[in-house]
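Undergrad: First the structure, which I've put down as structure tokens, then a few questions once you've had a look.
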Amino acid sequence: MKILHLMKKEKFLNSARNFYNIHFDNNEHTICYINFFGEESLIDRSISIPQIEIYFKRKSLKNIQKFKKVIKEYDFIVFHSLQFVSSITNLIWLLPQKYLSRFIWIEWGADLYKDYKGIASVINSRFKTKIGYYIAIFPPDIDVFKAKFPRSKAKLYYAPYIGPYAPSYMQDTHSHSSLFKKNGILTIQIGQNANEGLHHIETLDILKKFKDENIQIIMPMNYGGNKEYVNEVEKHAVSIFGDKVQVVKEFLPVDQYWEMMKNVDIAIFHTDRQAGLGNIHRALWHDVKVYLCENGVMYQYFRKRGAPVQRIENIVNESFIDFSSTPILTNDEILEYQQYRKEISNIDYRVDLWRKIYDELRNNQEKK
């Protein structure tokens, strides 16, 4: 069995390829980087797993032929997100079924929930309906996929993605009696990127009543949106909170990002869809109070697993004392949450889920 993993330069690249290099360097997996002429090579000479690179011309119809020439040598082609597909060419969505049935889509969130219009909607729906395999990185996303693409015959799986944090960061089980971690200042994180679906302005308006309290707001907005939206949010934030707001526009190395987040006491993710799982998991493991939308898939799932996530909708009626207090769990919630923590923080558990997927693919391939 030969599997080709399509990746591009983005924040998950190093952790993803290192994961496969450590756990799946078995002559079955090859990493393929999508690159453009003139850009720096992404091949890492320090790892042993096979790596190749495809160079494309921007907006060239020849890209599709070059892509087909490469993938025909492999039994399965794994898309680590579909967000870079249009960078190759949208015509990839119109490939014959003999190609689509070999495609494995590892969904990251945005590429499942994004809505398309016009002909793009038709092409997108066809591609995701005809694709052979779908891997959700968050269990509720399987139901979302079924609802959005009811005609799909794709084989559905769940396996947590390897994000830019180490499971060792999630081993601490201590708890704080107070949320305030630094100098008596309550540090609040709003979202994890500049995607408009995180409703930054609405969140700022909800927090406006606390503007005279001893707070600091951090807003990571260094990817996922456009410059105009970032400037609009920053202007609105400063008009309310002044110098109590830090809008992070530059892309930070992983270690530097997590170092900045060490002082966060409360994290707010104002979205109905799956987003920021790495941020949320790490926040929960470090006793950060997390607020999510009550009707969103994340709030419902985390509460089911005993996690102490709170409703954003409640902030409107909360005093500052309530807002800055530590959540309390019932005994049943504590037991369920402990089990969830064991699952998600165990690297062997993650590897086993991925290994089962690839074992099944291999077994099915051998039966043909």
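All of the numbers you see were taken from the coordinates with simple rules; none came from a lab. The shown structure was predicted, so the numbers you read here are calculated from the model rather than taken from an experiment. Every residue, glycine among them, receives a Cβ derived from its backbone with ideal geometry; neighbour counts consider all protein chains shown.
Undergrad: Restricting to DSSP H runs of at least four residues, report the calculated mean residue ellipticity at 222 nm for the chain, -39500 (n - 2.57) per run over all residues, nearest 500 deg cm²/dmol. If you can, show how the numbers build up before the last one.
TA: Working: 15 runs with 143 residues, N = 368.
Dividing the helical sum by the residues of the chain leaves -11000 deg cm²/dmol.
Undergrad: Report the label-to-label distance for residue 151 and residue 252 in nanometres (one decimal), using points 7 Å from each Cα along the Cα→Cβ vector.
TA: Label-label distance for residue 151 and residue 252, simple model: 4.6 nm.
Undergrad: Quick one: dipole size for the stretch 167-328, taken about the Cα centre, charges +1 on Lys/Arg Cβ and -1 on Asp/Glu Cβ, in debye to the nearest 20.
TA: Working: 17 positive and 20 negative charges, 64 e Å.
Once rounded to the nearest 20, the dipole reads 300 debye.
Undergrad: Multiply the residue separation of residue 196 and residue 235 by 0.36 nm, subtract the distance between their alpha-carbon atoms, and state the gained length in nm to one decimal. Walk me through the numbers on the way to the answer.
TA: Working: separation 39, 0.36 × 39 = 14.04 nm, distance 1.51 nm.
Stretched out fully, the residue 196 to residue 235 stretch lengthens by 12.5 nm.
Undergrad: Near residue 117, which lysines are there with a Cα under 16 Å away, not counting those fewer than 8 places off in the same chain?
TA: Of all the lysines, those that pass the test against residue 117 - Cα under 16 Å, at least 8 places apart if same chain - are 128, 148.
Undergrad: Moving to a separate point now. Relative contact order for the chain using alpha-carbon pairs under 8 Å, separation at least 6, rounded to a whole percent? Kindly include the intermediate steps, with their values, before the conclusion.
TA: Numbers: 568 pairs, mean separation 46.8, N = 368.
Rounded, it is 13 percent for the chain.
Undergrad: Based on the Cβ-Cβ distance of residue 223 and residue 18, what FRET efficiency does E = 1/(1 + (r/R0)^6) give at R0 = 22 Å, to the nearest 0.05? Don't jump to the answer; show the numbers that get you there.
TA: Details: r = 21 Å, r/R0 = 0.93.
Given R0 = 22 Å and the Cβ-Cβ separation, E is 0.60.
Undergrad: Working out 0.36 nm times the residue gap between residue 348 and residue 26, then minus their Cα-Cα distance, what length gain in nm do you get to one decimal?
TA: So the chain would gain 114.2 nm between residue 348 and residue 26.
Undergrad: Turning to a different aspect of this structure: Among the listed pairs 146/289; 11/62; 211/289, which are separated by more than 23 Å between their Cα atoms? Please report the intermediate quantities before stating the final value.
TA: Details: 146/289 32 Å; 11/62 28 Å; 211/289 19 Å.
Check vs 23 Å cut-off fails for 146/289; 11/62.
Undergrad: Moving on. Cross-link partners among lysines for residue 2, C-alpha distance below 18 Å, same-chain residues fewer than 8 apart left out?
TA: Once the sequence-local lysines are set aside, what remains near residue 2 is 68, 69, 72, 98, 356, 367, 368.
Undergrad: Moving on to the next point. At residue 119 and residue 183, where each label point lies 7 Å from the Cα along Cα→Cβ, what is the point-to-point distance in nanometres?
TA: A separation of 5.6 nm, rounded to one decimal place.
Undergrad: Could you sort the peptides 286-293, 46-53, 316-323 by per-residue average Cβ neighbour count (10 Å cutoff), highest mean leading?
TA: The peptides rank, most packed first, as 286-293, 46-53, 316-323.
Undergrad: On a straight-distance basis, which aspartates and glutamates could pair with residue 227 in a cross-link, Cα separation under 16 angstrom, same-chain partners fewer than 8 positions away excluded?
TA: Answer for residue 227, where 16 Å is the Cα cut-off: 196, 250, listed by chain and number.
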